[in-house]
Each structure stands twice: as structure tokens, then as C-alpha cells.
Amino acid sequence: MLALHYRLKTHGVVYGEKLRGNSIALKNVGNIRLGNKVSLNSYPDGDIYKTGLLTYFKESLIVIGDNCNLNGTIIHCNTKVTIGSHCMFGPGTKIVDNDSHRISIDINERRKAPKSNPIIIEDNVWIGMNSLVLKGVCIGKNSIVAAHSVVTKNVPENVLVGGNPAKIIKTLTK
């Protein structure tokens, strides 16, 4: 645990009280802010599902609210990824606010910075294992993303979504 705290501090990550976790992938060119009682776990010890917080530009920002559990979850951030409080992420989840590369047969065009749009995940969201959340998406509070889903469009509050692309399966009550 001390190794995690030391590593985060040396990479300029700001974090709250009662941070928990083990081995993570970390690249912080921008800014990363973690709330209180955040858990960053890689299972088993990162061999299969590694948790990672990766910012690629000075303007990049990852903000994670209080009481969040990232279990084998990778965040790739070019612009901004905001996660509310009380969120849970299953192993293999990937959150990517950019296209990773441009689509072109021209070599120079392909090497330009990819298109990016911020991602917002509101409070009390649960994202199932091996899901992918893509650029420009907002996931509304209290919503659940089923395992192995690909979220390409906004998700309203209080719904269960699933599939590729993710679609509303049902409205959640209590």
C-alpha cells in the first residue's frame, strides 16, 4: 500500500483519505484527482486485469469521486474523464475519451492527435466487466452497464443498458 501512495505522489496525483489498492499502470502528463476511499485494484496482482490511470497531455484531467472501486479498469484520457461518487467498475473495463488514432490511408494524417471528447460518469454507476466506454459519453446517475457492453451514446439516469452498441434494457426502480 505504501508503494501505491509513493508512486501516486511521485507522479503528481492528488488523492483523498483512505486510498486502497495495489499495482497499477500510471502515466500522468496532465492531472489526476482521486476522492476519499477510492480503491484501485489490479487482479490477480495485475497479471490479467491491470488498473491504469493514463493522461497524455498537459490539459488532460481524470477526476474520480469518493467511494469508487476500480477493479482492473483502465482510463485513457486526452481531454477529461469525470467519475462521480459511489461508482464501481468490473475487471477489464476500459474508458477511452479519444479515438486512439485517426482513420486515414495517409500516414501523416493518421499520426495527428486523435479526436477526443470528455466522458462523464455520474454518481452511483456500476459498469460490468469487460465493458468499453467511448468518447463523448455521459452515463446518468444510478445506471448499470451490463458486462461486455460497448457504450457509444449517452445513457440516461436509472437504467440498465447492455450490448454492442449498448441499448436500454430496462428502467431501474429502487
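Bear in mind these aren't lab numbers, they're just calculated from the coordinates by the rules spelled out. These figures come from a predicted structure and were not determined experimentally. Positions of Cβ are backbone-derived with ideal geometry, glycine not excepted, and every protein chain shown enters the neighbour counts.
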Rank by packing, highest mean first: peptides 8-21, 153-166, with packing defined as the count of other Cβ atoms within 10 Å averaged across residues. 153-166, 8-21
Would you please give the residues with an amide H less than 5 Å from that of residue 31, counting only those at least 5 places away or on a separate chain, with H modeled from the backbone geometry? 60, 61, 62
Within the under-9-Å Cβ sphere about residue 36, not counting residue 36, Lys/Arg +1 and Asp/Glu -1 give a net charge of 0
Over 21 Å between alpha carbons, listed pairs 9/58; 80/115; 37/135: 37/135
Provide the packing ranking of 28-40, 64-76, 105-117, i.e. peptides ordered by the mean count of other C-beta atoms within 10 Å per residue, highest first. 64-76, 28-40, 105-117
Report, by chain and number, residues whose modeled amide H sits under 5 Å from the one on residue 25, excluding near sequence neighbours (fewer than 5 apart, same chain). 51, 52, 53
Candidates for volume of the Cα convex hull per residue in Å³ are (i) 131; (ii) 112; (iii) 102, and the calculated one carries label (ii)
Testing the spin-label approximation: label points 7 Å from Cα along Cα→Cβ at residue 148 and residue 168. State their distance in nm. 2.5 nm
For residue 138 and residue 5, compute 0.36 nm times the residue count separating them, minus their Cα-Cα distance, and round to one decimal in nm. 44.9 nm
